[in-house]
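Working notes for the structure below.
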């Protein structure tokens, strides 16, 4: 991916660790463009899209709503409990997401661009960024946040967390680790420090 930006920040972390909070702060305080993998992934399975039709052909009616849209809850229950199915689904969506990043980076003009990619490592997109920021928090707090946000049982929350690459591995591969265990002021202060270290990753 060719882009004139000197900093392409790959923002990632575990589920419910606070990635969106960080990307929103970077956009609002620093006016940075944020390219969001989740948006592209939703585009990939938009109603009547070719990828959605492939998913329906693979899973059948159990993941289809009455209006022919995707039943995300049913699909989630399948892929979060079956690694092989998760890998199959990602093989359909990840190439589309990579292509969308290529398109957006082509005409996004800014010296610093944030690429919010929850599955940065899993989707093998680390080559698209110049530095990796990982948002982390304690597991107990992560479980609580995920349960509250997605209205999940303890078992469901643990399954979704365990279904991802371990957070400790992401932290080990990071250029910047943002610890989201305290309040927003503490998190924002860490972001301020990281964004202002302009020569750290050249």
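Coordinate-derived values only; no laboratory data. This is a predicted model, so every value here is computed, not measured. In this analysis, Cβ positions are derived from the backbone assuming ideal geometry, glycine residues included, and neighbour counts consider all displayed protein chains.
Round to the nearest 0.05 the FRET efficiency obtained for residue 81 and residue 181 when R0 = 30 Å and r is the Cβ-Cβ distance.
Here the calculated transfer efficiency is 0.55.
Sort 9, 143 by Cβ crowding within 10 Å, fewest neighbours at the top.
In order of increasing Cβ crowding within 10 Å: 143, 9.
Just from its helices, what would the mean residue ellipticity at 222 nm be for the chain, if runs of 4 or more DSSP H residues each count -39500 (n - 2.57) and the sum is divided by every residue, rounded to the nearest 500 deg cm²/dmol?
Rounded to the nearest 500, the figure is -15500 deg cm²/dmol.
Kindly express, to the nearest 10 degrees and within the range 0 to 90, the angle between helix 184-195's C-alpha long axis and the longest C-alpha principal axis of the chain.
The helix 184-195 is inclined about 70 degrees to the chain.
Just the number, please: Stokes-Einstein D of the stretch 130-202 in µm²/s, Kirkwood Rh from C-alpha pairs, 25 °C, 0.890 mPa s.
180
Between residue 171 and residue 122, with labels modelled 7 Å along Cα→Cβ, what's the label distance in nm to one decimal, could you check?
Distance between the two pseudo-spin positions: 1.9 nm.
Determine the percent antiparallel among the DSSP beta bridges restricted to the stretch 7-195, to the nearest 5.
Antiparallel bridges: around 5 percent, rounded to the nearest 5.
Roughly speaking, what is the centre-to-centre gap between the stretch 124-144 and the stretch 1-64 when only Cα atoms are used, to the nearest Å?
Value for the Cα centre distance between the two parts: 14 Å.
Could you give the length gained by full extension between residue 154 and residue 68, i.e. 0.36 nm per residue of separation minus their alpha carbon distance, to one decimal place?
27.9 nm
If the stretch 1-98 were replaced by its equivalent ellipsoid, with semi-axes equal to the square roots of 5 times the Cα gyration tensor eigenvalues, what would those be, largest first, whole Å?
One finds semi-axes of 30, 15, 14 Å for the stretch 1-98.
Over the Cα atoms of the chain, compute the convex hull volume and normalise it per residue, giving Å³.
125
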